[in-house]
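The values are calculated or read from the model by the stated rules, or taken from the named source; none is laboratory data. Since the model is a prediction, treat every value here as computed from it, not as a measurement. Cβ coordinates were reconstructed from backbone atoms using ideal geometry, including for glycine residues, and neighbour counts include every protein chain displayed. Please note that ligands, DNA and RNA were not included when accessible areas were found on the heavy atoms of the full protein model with its side chains. Shrake-Rupley method; radii C 1.70, N 1.55, O 1.52, S 1.80 Å.
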Amino acid sequence: MKEYDIEFAIIGAGFAGIIAAMQLAKKSYSDYTIFERASSVGGTWRDNTYPGCACDVSSYLYSIKEAPNPNWTKMYSSQAEILTYLKDVVTKNDIENHIVYDTEILEMQFDSNEAIWHLKDQNNKVYKAKFVLMAQGPLNRAVIPNFKGLDLFKGKYFHTSNWDHSCDLKNKKVAIIGTGASAIQVIPNIADQVNKLHVIQRTAAWILPRANPEIGATTKKMYSLFPFLEKMRREYIYWTNEFFGLAFIGNKFVNRIASNFALSYLKRKVTDETLRKKLTPTYTFGCKRVLLSKTYYPTFNKQQVSLHSTTISEIKEHSIILENKEELEVDVIIMATGFEAAELQVHTKILGVDGRNLIDRWKEEGVSAYKGCITHDVPNLFFILGPNTGLGHNSVLHMMESQMYYILDYIKQSKKLPSKSYLNLKLQVEEAYNKKLQSDLIGTVWNSGCKSWYLNSRGVNTTIYPRLNNRFRKEMKSFDLKSFECISIN
Ligand code: NAP
């Protein structure tokens, strides 16, 4: 008789959870349940609905390998199209029946006597699972900075990831705080509606132009009839991105080509010298995420748009006071202020073999995992896109897929173990992996001195994989049983 209710518990029904489900099903593991805290699938592509929300990785690459879509309408898809695609994948792959909605798993405890995870939801309902796949995504905890006086503000304010669609921006005086990847998509898309748009920039971003052509009917037809053509396009985009990835991991020549190109683009688009100076980044190209847009710079030529390159000292009932004492009258404040990802990455209580909460351990020792997916004393639990698996140059879906290959091998090996035993990662293996990873980060752009969401409060990079994507795929190709101890249950 089974000692568990579910063989595989997947936490989260975004891209990572759906990729996990598809990969499990491919290996004929059908006893899986996806726990989703919301009422629908999509993760970040469900939550982020701000105007202009889109993916800056090409759709042919930012899609699941086993679920190509010949019908993408644009080279870079909108949030709505990506969400529709994901829903379609769920339907076509019979995943829907495996999803339990409105269920947030708040606590997980490993029972060492049975090698079973006990998962508790918000209603204290307990589910027993053999394996747990954490697929919550790294960017789901929005940051709203604690600006002095924000609680006194009489207008509306909201974060980009929680857009208030009831708030009509037409003819309003609007401020947007932040100039990261979300902001540069919002700004050109709201500029024409508002009466005034104040863009408050703390740090200028590196920006490259990105055209977004419509995909013609002939191309769609060709990809539909000959799927290998779409596959070839995917490969081409992937390897081009890998080449430019060299700019991030220490190749100064490629970095210079890319940064010079970005600066010449800025020069062409912004002729006003004072404005151009404000928009010129002062840190190494790639240290913060490089942004792609053809519409961002031209927005500043609009009369109603002002760039304030300074910090905020205070928010008042109807205005924002800048560091230089300038007062901006505003009705609405949009917080494009990003997410917390480097500090913890997981907020679910995870009690491993020693009963210690992984969150407490990570708070003390810093976030880390082996190959970004497994950590010692937390057996049979995997993070998809866990610590140090983020990229600056390519599709993170690739990272998720690579991790799943490894996890499937782990599962296969686990099933060969004598009954009443489980695998536990050796501490020294995890430590050696992370020591090497941190030393590989030295010399990369991400550790070149700027302050980004990739670094935690101690300045440690807990989010980025410091090598090229194809290297990660190779690392994840074969399962290394010797890195694990086989623990027998008495
Ligand atoms: P972000 O890149 O972290 O940008 C946050 C912005 O807010 C930065 O400009 C930051 O300035 C500013 N900021 C934060 N706190 C502030 C404060 N107290 N005062 C003034 N300014 C402040 O966040 P995001 O734009 O939401 O993007 C986060 C990540 O989401 C991206 O890096 C990317 O991985 C992902 N994303 C991807 C896409 C896509 O197309 N694939 C689109 C959107 C987002 P500083 O730079 O000075 O810190």
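Data overview
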{"item": "Identity of the residue in region 295-318, more than 28 Å from the chain's Cα centre (by Cα) and within 20 Å of K170 (Cβ to Cβ), that ends up surrounded by the most Cβ atoms within 10 Å (Cβ to Cβ)", "result": "V305"}
{"item": "Region 102-135, residues that are under 20 Å from A16 (Cα atoms) and open to solvent by 60 Å² or more (accessible area, probe 1.4 Å)", "result": "D102, E104, L106"}
{"item": "S395 vs. criteria open to solvent by 20 Å² or more (accessible area, probe 1.4 Å), of a type in the set (S, T, Y) and on the phi < 0 side of the Ramachandran plot", "result": "no"}
{"item": "Number of the exception - G52 against (1) more than 16 Å from the ligand (Cβ to nearest atom); (2) on the phi > 0 side of the Ramachandran plot", "result": "(1)"}
{"item": "Region 445-484, subset within 16 Å of the ligand (Cβ to nearest atom) and more than 24 Å from V346 (Cα to Cα), residue surrounded by the fewest Cβ atoms within 10 Å (Cβ to Cβ)", "result": "G449"}
{"item": "Test result for K363, closer than 27 Å to R458 by Cα and not small (G, A, S)", "result": "yes"}
{"item": "Among (1) more than 16 Å from the ligand (Cβ to nearest atom); (2) under 21 Å from the mean Cα position of the chain (by Cα) - the single one Q413 does not satisfy", "result": "(2)"}
{"item": "Leading residue by the ranking (farthest from the ligand (Cβ to nearest atom)) among those in region 278-296 that are out of contact with any Leu (no Cβ under 8 Å at 6 or more places or on another chain) and basic (K, R)", "result": "K294"}
{"item": "Criterion violated by L225 - all others in (1) hydrophobic (A, V, I, L, M, F, W, C); (2) surrounded by fewer than 17 Cβ atoms within 10 Å (Cβ to Cβ); (3) within 16 Å of the ligand (Cβ to nearest atom) satisfied", "result": "(3)"}
{"item": "Residue satisfying condition, being touching a helix residue (DSSP H, G or I) at 6+ places or on another chain (Cβ under 6 Å), in the same structural domain as W117 (by TED's automatic domain parsing) and of a type in the set (A, V, I, L, M), within set L437, L441", "result": "L441"}
{"item": "Set S28, S59, S63: member being without any contact (Cβ under 8 Å) to a residue 60 or more places away in the chain and either open to solvent by less than 30 Å² (accessible area, probe 1.4 Å) or among the aliphatic types (A, V, I, L, M) (or both)", "result": "S59"}
{"item": "Strands (runs of 3 or more DSSP E) enclosed by region 307-364 - at least 3 residues per element that are more than 13 Å from the ligand (Cβ to nearest atom)", "result": "327-329, 349-351"}
{"item": "Residues located in region 166-184, provided they are of a type outside the set (A, V, I, L, M, F, W, C) and in contact with a Phe, Trp or Tyr (Cβ under 7 Å, 6 or more places away or on another chain)", "result": "S182"}
{"item": "Members of region 414-436 found to be modelled with pLDDT of 95 or more and open to solvent by 50 Å² or more (accessible area, probe 1.4 Å), listed by number", "result": "K426, L427, Q428, E431, A432, K435, K436"}
{"item": "Residues of region 254-294 that turn out to be open to solvent by 20 Å² or more (accessible area, probe 1.4 Å), in a loop (DSSP other than H, G, I, E, B) and more than 25 Å from S58 (Cα to Cα), as a count", "result": "5"}
